[in-house]
Each structure stands twice: as C-alpha cells, then as structure tokens.
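To keep things clear, I will list the structure first and then write my remarks on it.
The values are calculated or read from the model by the stated rules, or taken from the named source; none is laboratory data. Note that the structure is predicted; figures quoted are calculated from it, not measured. Every residue, glycine among them, receives a Cβ derived from its backbone with ideal geometry; neighbour counts consider all protein chains shown. These area figures cover heavy atoms from the full protein model, side chains too; ligands, DNA and RNA do not enter into them. Shrake-Rupley method; radii C 1.70, N 1.55, O 1.52, S 1.80 Å.
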Amino acid sequence: MATTLDPVTFEVLKNAFINTVDQMAEQILRTCYSFVIYSRDFSSALCDTEGNTVMQGTGDIAAHVGTLHYTAKAVIRQFEGDIHPGDVFVINDVYEGGSHFNDTRIIRPIYYQGELLGYAQANGHWADVGGATPGSFNVKALDHMGEGLRIPPTRLWSKDLFLEDVAYLIAKNTRNPRDIIGDMQAQAEATRVAEREIQRLCDKYGVETIKTAMAEVQDYVEDLTRAKIAELPDGVWYTEDYIDQDPARGEGLIPIKTRMTISGDTVHYDLSESHASISSMLNAGFGGSFAGIVAGTKMQFPDIPLNSGFYRVVTADLGPLGSVVNADWPSPCAGFCSGPFEKIMSSVFEIWSDIQPERAMACTFNLEYLLVGGRDQRGEGNPNFMWYDWMMGGWGARNGADGYNASAAVFGVQYGTQPFEGQERLAPVLTSCHDLVPDSGGPGKFRGGLGAEKGGKLWASDNTVMSYCCDRERSVTWGLWGGLPSIPHGVWLNKGTDDEQYLGSIFAAIPIKSGDEFTRPSAGGGGLGDPLQRDVDAVLEDVIDGYVSIARAEKDYGVVIKEVDPEIFAYEVDLEATIGAREYIRSNRHAWIERDPEAVSGEYRSGLINEMDCVRQYGVILDWGSGAVLTNTTSQFRQMLQRRTVIHWTDDPAVDFVPGTLTVSEPATV
C-alpha cells in the first residue's frame, strides 16, 4: 500500500491508535462499578469524523466490534451541526446498529484546537437496563418495551456540563442506579483518555499527520484484506444453522441461512433467506448480525488489524427488515448473542473450514447467561441484588487438535470467569460446584473441548426470580466432517429431590426461594472427524484424565478400556475387544440414525439411555424433562447430521475424512 506517511511514522501511529483504545479499556477496568463490566464485558473504539472505525484494541469483544461504527454514525446523524468540544453522548439503540440494550455506548467527539478529528467510544454491558425481569433478559417479551430502556442518541454532557437530569432519568429506570451512574462516569472518563492521547499525538506529530494516519490505517487494512482474499479461489458456499424454536410456532428449529461468495478480492455474505423474526428475544438487529459476520471472518485472518477498512471488503445482505437476522422495531433482541450472532459465527467458521481446511473447527458451545435477581436480606433495607453469571464451555475440535476445554465463548474470548468470592459478596447465591463435565466434548477423530457444570444455592433473599438466556438445547452443538455433537444445554432446579424441575434453556422470571438449588452444564465443542478414527491411545489418555468415561469410550469411540487400578490411574486398552466394538458400531450406526424416535423416547424415559445416546447415536431430540419426542425438530436435526456427520462416515477404516461439502457451483435452491 502506498502511503503519504513514511513507513516508520505510519507504523508508530497505527500502533499508537491501538494503544489508545487499550488505554481506554484499562481506564474502564479500573474505575467501573459493575461486576459484569469488571469481568471484561466491554469494548472501545476510535472513530473518524464520519464515524468509521479507525482502530479497535487488542481485547475487544467480538459481538461489539462490528457495531461500534454504526452507533457512532447514528450520533453524528442525530446531532449534525450541533456537536461541540466537551459534549458526550449515550446510545444503546438496537435499531440504530447497536447489539442489545444492555450494551450502552458513551461517545465523545475529539477536538484539537477547535477542529473535529474523530470520536472516542466506550461500550459497556450494563447489568440491568430495566424491563420486566432483573438483568433485562426477558424471553417472554413480545416487543422491546418488555426488555428495558431504549436509549436513542442522547446528549449526556453539554460542553463539559454533566446533564444530571438526563443521567438520572436513565439510571433510575434500572434496578441499580448507583452502578449505572458509576459505569457511565467510568466510560466517559475512558473516552477522555482517548481524547488526551490523540491531542498528545497531534502535539508531537502535527494535526495533519494524525488526520492522514487515521485515513491511511483504514486503507492499509482494506488493502491487506483484499490481498489475502485475492489469493483464495472464487466460489459460492452455503450452510445453515438453527435457533432452537419460536415459542409462538410450536416445536421446530429456526433456520439461519448463510451463503458466502468470494469474487476476486471481496467477500460477500447473503443471509436474506433466513427465517422471519421470532416471538422471543433471540432476534438480532442488523448490527448484531453484521458483528457475527465480521467476527467469524476476522478470526480467519488473525494478523490483520480491525477497522472499517475490513468492512469495505467484507459485505453483507441481511435481506428485508423483519427477519431473525434483521429484526425491525419493535422486535425483542436482548438475546441476540445466544441466538443469531452465535449461529452466524459458527456458520462462517464452517464455510471457511472448506476454504482453509487447515484452520477447520467444529461448532463451539453457545453463550449463555443465568440471571437471579431479587431483594438481599443481608443488607440494610433489603436492597436489590443481581447475580449475573455466564459459563465457560468447550470449543470445537480443530483439524489436527482437540478443542479447548472450559474456555470463554466465541462471543468474547477475553471474558473472565467471575470470581465466586466476588459473586457471593454481592449476591446471596453460594456456588455449590464448578467442574468439568466428563463426556461433554463432542466425539471425533479430534475431540471437542469439555464444557463445565456450575451449581448455586439461593439464601437470605426475598422476591427472587431466575431467568436464562441460552440456546442449543435442541440444535445441539454439532460436529464436523464425521464428528459427533456435544450435549444439550438446560437448567435444573432442585435436581435429585422431590421438587426436581427441568427448566430448559430459555425462560424468564421463574420464582425461586431461599434454599433452592440450581445447576446447569455448558456444552462442550463438537467433534471433528470420525470418532472411530481417533487414536486408541488418545482415548485412553482421555479416560485417565477424566475427560471421557469408560462407558462412553466404548459407545462413542469403540475403544474398550479395562480398569487395572483406578487409584493410581492405571487403565489399559483391550485391543481385540476394541476391533470388535469398532466394527459393530461401523456396521450399525447408519441404521441407528434412522431408528424410530418413539422407541428411542421409550428407552430414555425408562432410563436405559441418556441424552448423549439420543443425540449422538440416534439423532433424536426430546423434551429433556418429559422425554416426549420433538418430531419436527428431530427431522431437522437428523438432516443436519446427515450433512455434517453421516456423509463423512466410511465403512473403510483406512479412509480419512474429506472436507469440502458446502461448495455450490450455482446459487443453490434453498
């Protein structure tokens, strides 16, 4: 790329912009009030005078980065001609390109000697923005009014004057005004850090040099991305993934259809044939869906910085307003991250696995949030409390390596696990367990990473309800190239007692009382490659490590393992029995996947088989609480298994998996 700046100055300023955004992150981390933001649910950006992203930092969340330029542009449109030094704006509007209402952005114009140079933006997930349920994740919401406070572009500081009435109008419509004001101030101060740093760079290098650098770093990313894409073959690829259900339409998976075209040095995604918006919060506005496209594509090119230059090369058609990936006002979108965003990102990974098989990865666990809110009897006046929890889970197996165990979701890989001690200090919820889940990694030649299980017990509380935002209870985390799925998501209340209740993967405002206990697993990642081709010694090591049970080593991998002395982790493989077990599975698995679902349901209800057997052996999806067959869902799930898994199985154990099933020579009929 030809630049007007000398190479040294260009490189110094490019990295200075990245460092500026990272300094904003440090400011937020050290001054925020919310435990959610402290656990790194925030992102920042530096934008130019048009709102285009000049640079992201090194620790921003994937679900935020493709949206921040949209909200900057929304502020500019709203206040065109009325933006001044010392002004600060706030916005969380999904229908203006935001992600969901909890993700609230603070935006400050950056001036130098009276000239506007750009904007600093700090986005943080506010733990509550009002609405019908603590935490503002309301699966019962039929429109956004049930989710919380929608903030269009709004002035919060005017020429350095804090508009306290506006700030408290926002804060007092939430369940924790003190934290909201504190986070608001922390984010605003982070934008001031960026303002000071850009002004310092102007003092050192000159304002014209900084303006040139802001433009040329975007050109640099564009040119670098185009060069990478131009090295790849032209073509069209198609896949689809699913949200579990639309509550208003009965059972049946909700398709998100992704077609990607490489033409020359550009990449275009077409999601226009995806399902209509659904009657739950698992919709996405255009910003959230574009973020999934950006994040999934960017992870294929980790060496390229991210700014709006990338968006000139990677484009998208989300279709008309009113779809699950392009929700229109007033569709609820609080759960976009567990719904379309994660499905889009997984689909993008799958498509690129065909193009760059050396980087292939099976499906990763679905982001989930468990929210418990009520009144805390431990504090004076029984104050509101908000226990806001997310889990680590398993990443998909990779071509040549197993998936990562208990890692942050693809939604935000820098997410931290919230310290239990901090949670227990802030809310009357005791953590009762937090363990890896054996057998949760999807079986394959390369095994998916393991999920985790976390339990909690409520105490010293009044008027408490629980809500859950998740998915993949039915569209279970899938394998690739012959690999098998993981396990379903879902919450159990008082499991193993007379009051046992299965609540599922998405619910809102379930009343709970002191003494109640709840637990839920996160899924592992999907497997990659035929599990019958996994090295028997690798299966043996998994058993020794506690990642795979002896029973599932035989069921999923056809590896028969004998205990020698479990106290010293001494096990051995029965090679002769393993040969027979693998041949038995190879000879029967095609028939298993077509078995009568009602017969499978009967064995599940009688306790002869479990969820893993249903999903992996038979491709049958049940109501995991009652055991009833979900007929439409099972049919769709089996079709998915045929495409991603069964088609790659072979009767010849010497034949390895062969990637490349998504290419279409002509636009496919969907």
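With θ taken as phi - 60° and the Karplus curve 6.51 cos²θ - 1.76 cosθ + 1.60 applied, the whole-hertz 3J(HN,Hα) list for segment 516-527 is 5, 10, 9, 8, 7, x, 9, 5, x, x, x, x Hz, x standing for glycine and proline.
With Cα atoms defining each centre, segment 19-48 and segment 216-258 are spaced 28 Å apart in the structure.
Note on Kirkwood radius over Cα pairs in Å: of the candidates (i) 25.8; (ii) 26.6; (iii) 31.2, the value calculated from this structure sits at (i). For a straight C-alpha distance cut-off of 21 angstrom, the lysines reachable from Lys454 (same-chain residues fewer than eight places away being disregarded) are Lys495, Lys513.
Across segment 205-221, coupling constants 3J(HN,Hα) worked out from phi with the 6.51/-1.76/1.60 Karplus curve, θ = phi - 60°, read 10, x, 5, 5, 5, 5, 4, 5, 5, 4, 6, 6, 5, 6, 4, 4, 5 Hz, and Gly and Pro carry x.
This model, with +1 at the C-beta of Lys and Arg and -1 at the C-beta of Asp and Glu, gives segment 556-623 a dipole about its Cα centre of some 300 debye. Close amide H partners of Ala360, meaning residues 5 or more places away or on another chain with modelled amide H under 5 Å apart, are Asn399.
Here is the result for segment 79-186: no chymotrypsin sites (Phe, Trp or Tyr not before Pro) lie in DSSP coil with at most 13 other C-beta atoms within 10 angstrom of their C-beta.
Taking label positions 7 Å along the Cα-Cβ direction at both Gln113 and Phe420, the computed distance is 5.9 nm, reported to one decimal. Of Thr53, Thr266, the order by accessible heavy-atom surface (1.4 Å probe, DNA, RNA and ligands excluded), from most exposed downward, is Thr266, Thr53. Segment 377-442 and segment 161-212 have Cα centres separated by 30 Å.
Close amide H partners of Ser99, meaning residues 5 or more places away or on another chain with modelled amide H under 5 Å apart, do not exist here.
Accessible surface of the chain, 1.4 Å probe: 50 percent of it comes from carbon and sulfur atoms. As a calculated quantity, the FRET efficiency between Ala227 and Trp329 at R0 = 51 Å, using C-beta atoms, amounts to about 0.80. What does DSSP give for the chain in terms of the percent of beta bridges that are antiparallel, rounded to the nearest 5? Around 95 percent of the beta bridges assigned by DSSP in the chain are antiparallel ones.
Straight-distance candidates among the lysines for linking to Lys73, with alpha-carbon spacing under 30 Å and chain neighbours fewer than 8 residues away dropped: Lys14, Lys159, Lys172, Lys204, Lys211, Lys228, Lys257, Lys298, Lys343. For the chain, adding -39500 (n - 2.57) for each run of n ≥ 4 DSSP H residues and dividing by the number of residues yields -9500 deg cm²/dmol at 222 nm. Loop-resident GluC sites (Glu not before Pro) (DSSP state other than H, G, I, E or B) in segment 365-449 with no more than 10 further Cβ atoms inside 10 Å of their Cβ: Glu380. For Lys555, Lys159, the ranking by accessible surface with the largest value first comes to Lys159, Lys555, using a 1.4 Å probe. Pair-distance distribution P(r) for segment 490-535, from all Cα-Cα distances in 5 Å bins starting at 0: 5, 15, 21, 16, 9, 7, 9, 8, 5, 2 percent. Extending 7 Å from Cα along the Cβ direction at Asp265 and again at Ala538 yields two label points whose distance is 3.9 nm. Highest mean packing first, where packing is the average number of other Cβ atoms within 10 Å per residue, the peptides 581-591, 394-404, 15-25 line up as 394-404, 15-25, 581-591. Summarising the amide proton neighbourhood of Gly448: residues at separation of 5 or more, or on other chains, whose placed amide H is nearer than 5 Å comprise Ala397, Gly403, Gly442, Gly527, Leu528.
Putting +1 on Lys and Arg Cβ atoms and -1 on Asp and Glu Cβ atoms, find which of Tyr38, Thr71, Ile18 reaches farthest to the positive end of the dipole of segment 1-116. Value computed over the given set: Tyr38. Where a Cα-Cα gap under 22 Å defines reach, which lysines qualify for Lys555, not counting those fewer than 8 residues away within the same chain? Leaving aside lysines fewer than 8 places away in the same chain, those within reach of Lys555 are Lys445.
Each residue of segment 127-142 was assigned a 3J(HN,Hα) from its phi angle through the Karplus expression (A = 6.51, B = -1.76, C = 1.60, θ = phi - 60°), giving 5, 8, 10, x, x, 7, 10, x, x, 6, 10, 10, 5, 7, 5, 9 Hz with x at Gly and Pro.
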